[in-house]
1. Express the relative contact order of chain A as a whole percentage, based on alpha carbon pairs under 8 Å and six or more residues apart in sequence.
2. Rounded to the nearest 0.05, what FRET efficiency do B:Asp116 and B:Ile160 have when you use their Cβ-Cβ distance and R0 = 22 Å?
3. Per-residue mean of other chain beta-carbon atoms within 10 angstrom of the beta-carbon, peptide B:187-195?
4. For the pairing of chain A with chain B, what total accessible surface becomes buried, with a 1.4 angstrom probe, in square angstrom to the nearest 100?
5. Helix-only estimate, please: 222 nm mean residue ellipticity of the protein assembly as shown, summing -39500 (n - 2.57) across DSSP H runs of length 4 or more and dividing by its residues, to the nearest 500.
6. In the protein assembly as shown, if every C-alpha pair distance is counted and binned at 20 Å from zero, what percent goes to each bin?
7. Mind listing which trypsin sites (Lys or Arg not before Pro) in segment B:79-151 are in a DSSP loop and have 13 or fewer other Cβ atoms within 10 Å?
8. Angle check, please: helix B:4-18 long axis (alpha carbons) against the longest principal axis of chain B (alpha carbons), in degrees 0 to 90, nearest 10.
Amino acid sequence: MKQLQEILSAIGSWQAKGYQVIAPVRRDNLILLARIEDPSLINLDHILTVNTLKDFMLPRCETILRFDLEKACVEPGIDDSLPTIIFGSRPCDAAALSILDSILIGDVVDSRYAKRRGQTVVLTVACSRVDGACFCKSMGYGPHDPTGSDIILLPSQGGYLVRLISEKGRQFASDVGLEPDDAEADPEPELSRRVSTDGLKAWLDSNFEDPKWQVISENCVSCGTCYYLCPTCHCFDIADEAGISRGVRLRIWDCCSFSSFTKMASHQPRVGKYARYRQRVMHKFKYTVDNIGKVACVGDGRCIRYCPYGVDITEILKALVSGG
Amino acid sequence: MKNEQEAQLRRRVRELLNRGTVEVLLGYGRGLTGVRPLFVRDPANAEKLIWNEHCNLNLAGYLVREPLKQVMAGARIGLIVKGCDFRAVNVLIQEHQVERQNIYLIGMVCNGIESDSGSGILIKCRGCNVQVPEGTDEVIGNPQELRQIDGDPFEDVRAIMEMSLPERWSFWTSTLSRCIKCYACRQACPLCYCEECITEKSRPQWIEKAPTLSGNLAYHFIRTMHLAGRCVACGECSRACPVDIPVDVLTRFVALTIKERFDYVAGDEPDGKPFLASYCEDDPDDFIK
């Protein structure tokens, strides 16, 4: 077993080996994952950070290419990916990366995402506490689940046990001299929020049109909070931002609740708020299941915690399958 | 203590729905993290309505969004408002977005809203002169039980204006660089009802779409100017922000300037004129050089 201090004091030596370290830090009243220089600022006294690992693998804005009409040239955007250690994110966020990997490094490979993922070691700190919005167990994960992590630290009697999960994790641990432990971890914290997905896929398969969609989406105001804070939502827009002769082509997050979504392809086919909210549910619990065999939800609960109008996905899933 | 006001509200809503006075009513219900909007159609569900010192939400924005917008085309809807929320309804009426006769307004006598973080009554409630909403279809609550809420409702705005220019620039650039352009502030705002927001126009694209600092500044400054004389200082924008940006300080600064220079408070009078459509011969003109 290791004390947290011992692990934190090693981080400086990882940075010295050329890794950038992403970890939870306090910014005003928020705990955010951010690139850190000073490991003493790492804050692990949180349930979950507001932002997710998506911010670093599929950033909210990135330059795909630059163009200059006068010089008649097009250059690819600068590749700024670095060897990266993610330290102190939670199991649900690591699990989300495994879902994004199946989608973005699948039949079609998103080269920018794949490059960043290839250079990233995910060192998860498992949860000692959960809150009322957490429902990872219901999605098949858990407060100590190793899915998507390369290394996981499990809480044990005030310290942490190191468990090496992937080959990448074993390699990194041997590079930096991080020894695994096989002692028994503390029990997982209990989750109060539960939702069953039994029958959900079958219901979604045959109820694209159903009056329930209008009812369950009533409170939604079509903002992008739940999409942008979701660790698995990954839709993006391509925008050119240019002056008279020079400009950049950007990839920017986009979200299916916006009335302008997919207009670049001619129009937004989903007229009506309910149809856009339905797309969110369908994409997560039907289309992704059809495509990769997993639901695109890890039960991190951010959409519930941060929705300004109390839209609650677990309540909605229950309402959809109940009573036919 | 028994919540008489809440009990009376539930009773009245049940009656209004039973008599068919309104087809649907929007009020406050219970959510995981506190209060959330509750649509009531079935009189039996009036029991789920709540009223307490945490009912901060301004529900007026739902009047111009689905599904109420569609319902109001053919029927009357009910809406629970505090005196301050009523201002947003008034602006929507003044701007011809809703028809007064399509809305049955239940005004709640209000003793101020408590902050969820436990720091006491919200800044926006200070100096409130609409604790008893006047001009609604009915008022629920006992004005005898009111206590006055003292203080400056613009204290936070003034604190930022007292910063030096470089300090203020650094404050806004650091907070606004956090913005992820989820547009929660815009969607939460009862007065941001444009069918197509200028930020979404792509042919031509007027402002940077990117959630970079310059794109974020462009979005927030345009939104601020678009709310000049219209912002009712309800704070929904900041409340909705997932990354804790005090965006309401921008629009409330403009509201404060307009109040100080022109003695105008948006939505204060049901049949008043929109600020930018009103003119008075003795308006100050000392800024015209």
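1. Numbers: 576 pairs, mean separation 62.3, N = 324.
Once normalised by length, the contact order is 19 percent.
2. On the way: r = 22 Å, r/R0 = 1.00.
Calculated value: 0.50.
3. Numbers: counts 10, 5, 1, 0, 0, 0, 0, 0, 1.
Going residue by residue through B:187-195 and averaging, the value is 2.
4. Values: alone 15300 and 15440 Å², together 27710 Å².
The buried area between A and B, both sides summed, comes to about 3000 Å².
5. Details: 21 runs with 183 residues, N = 613.
After summing the helix terms and dividing by the residues of the protein assembly as shown, the value is -8500 deg cm²/dmol.
6. Taking all Cα pairs of the protein assembly as shown, the binned fractions are 18, 50, 29, 4, 0 percent.
7. Working: sites: B:Lys82, B:Arg87, B:Arg100, B:Lys124, B:Arg126, B:Arg147; in loops: B:Lys82, B:Arg126, B:Arg147.
Those that pass, being in a loop and sparsely packed, are B:Arg147.
8. Approximately 80 degrees, to the nearest 10.
The values are calculated or read from the model by the stated rules, or taken from the named source; none is laboratory data. Keep in mind that what you see is a predicted model, and the values were worked out from it rather than measured. Because the Cβ atoms are built from the backbone with ideal geometry, glycine has one as well, and the counts that use them run over all protein chains shown. In case anyone asks, the SASA skips ligands and DNA or RNA and just uses the protein heavy atoms, side chains included. Shrake-Rupley method; radii C 1.70, N 1.55, O 1.52, S 1.80 Å.
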